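Read through the structure below, which is laid out as structure tokens, and then see the notes.
The values are calculated or read from the model by the stated rules, or taken from the named source; none is laboratory data. These figures come from a predicted structure and were not determined experimentally. We place every Cβ from the backbone using ideal geometry, glycine too, and count neighbours over all the protein chains shown. Side chains are part of the model used for accessible areas, which takes the heavy atoms of the whole protein and leaves out ligands, DNA and RNA. Shrake-Rupley method; radii C 1.70, N 1.55, O 1.52, S 1.80 Å.
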Amino acid sequence: MNNNFNGEPHRPGRIEVICGSMFSGKTEELIRRLRRAKFARQKVEIFKPAIDVRYSEEDVVSHDQNHILSTPIDSSASILLLSSDIDVVGIDEAQFFDMGLPDVCNELANRGIRVIIAGLDMDFRGIPFGPMPALCAIADDVTKVHAICVKCGNLAYVSHRIVDNDRRVLLGETQEYEPLCRECYQKALKEKKSSE
């Protein structure tokens with residue numbers, strides 16, 4: 001924290017977005033940044049959608065089983081209520097939140113809070129997911145991380161759903177999804193159409 005010309009503490013608010021496909025290390029990077037902030041003795045609060053109970057009801061957990069305590073919430077508006085006197089706010093699985101999340105993040109950043117967000121940029125159909133496009137647009141910094149395509153080893157483009165289910169939100173892991181590059185994803189779509 002720097003001091004301004006009057007000697008008062010100045011907190012530079014900002015929005016950082018970490019996005020990409022499943023298995024790309026988004027949550028791992030979020031946890032890394034939040035742990036560094038805690039190490040720097042900053043006051044940190046972490047939120048996740050209450051529907052995400054894959055590994056834990058309370059912790060944010062990466063696929064590598066790294067975890068950090070969080071507060072599960074049902075609405076982005078709850079973040080404002082629970083973020084008083086905080087230096088850094090972390091938000092995981094942002095794609096599952098409501099469309100009010102970008103306004104919430106802007107308000108926090110305008111208060112001088114560093115906001116770090118992780119989420120899927122696209123759903124299993126390759127369509128921009130929930131509030132993520134708007135969050136990327138208002139972010140001070142966007143980090144796109146990539147998984148590796150399980151078919152060819154190139155950088156993955158999308159989380160391809162390998163189970164027969166058309167619901168947009170389907171929590172899952174390697175039994176339900178695989179990271180694919182654009183070319184392998186197009187091949188998978190053609191194979192699915194030809195088998196129907």
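Summary of values
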read-out	value
Selected residue [closer than 28 Å to Arg35 by Cβ and either basic (Lys, Arg) or more than 16 Å from the chain's Cα centre (by Cα) (or both)] from Ile117, Ile113	Ile113
Residue within the stretch 118-127 that is in contact with a Pro (Cβ under 7 Å, 6 or more places away or on another chain) and open to solvent by 60 Å² or more (accessible area, probe 1.4 Å) present	no
Test result for Arg161, in contact (Cβ under 8 Å) with a residue 12 or more places away in the chain, surrounded by 14 or more Cβ atoms within 10 Å (Cβ to Cβ), in contact with an Asp or Glu (Cβ under 7 Å, 6 or more places away or on another chain) and more than 30 Å from Pro12 (Cβ to Cβ)	yes
Matching residues, the stretch 166-195, being open to solvent by less than 40 Å² (accessible area, probe 1.4 Å) and either at pLDDT below 95 or not in a loop (DSSP other than H, G, I, E, B) (or both)	Leu170, Gly172, Glu173, Tyr177, Glu178, Pro179, Leu180, Cys184, Tyr185, Ala188
Contacts under 9 angstrom Cβ, first residue in the stretch 114-131 being of a type in the set (Asp, Glu), partner open to solvent by less than 10 Å² (accessible area, probe 1.4 Å) and part of a strand (DSSP E or B), 6 or more apart	Asp121/Val17; Asp121/Cys19; Asp121/Gly20; Asp123/Val158; Asp123/Ser159
Hey, Val115 out of contact with any Pro (no Cβ under 8 Å at 6 or more places or on another chain), modelled with pLDDT of 95 or more, open to solvent by 60 Å² or more (accessible area, probe 1.4 Å) and outside any loop (DSSP other than H, G, I, E, B) or not	no
Residue, most open to solvent (accessible area, probe 1.4 Å), within the stretch 23-58, restricted to residues that are modelled with pLDDT of 90 or more and in a strand (DSSP E or B)	Glu45
Residue within the stretch 72-80 that is assigned to a loop (DSSP other than H, G, I, E, B), closer than 14 Å to Leu34 by Cβ and either over 11 Å from the mean Cα position of the chain (by Cα) or in contact (Cβ under 8 Å) with a residue 60 or more places away in the chain (or both) present	no
Selected residue (criterion: surrounded by the most Cβ atoms within 10 Å (Cβ to Cβ)) from residues of the stretch 132-147 that are touching a residue at least 40 places away in the same chain (Cβ under 8 Å), out of contact with any Pro (no Cβ under 6 Å at 6 or more places or on another chain) and farther than 19 Å from Val88 by Cβ	Met132
Residue in the stretch 74-103 that is modelled with the lowest pLDDT, counting only those that are aliphatic (A, V, I, L, M) and open to solvent by 10 Å² or more (accessible area, probe 1.4 Å)	Leu82
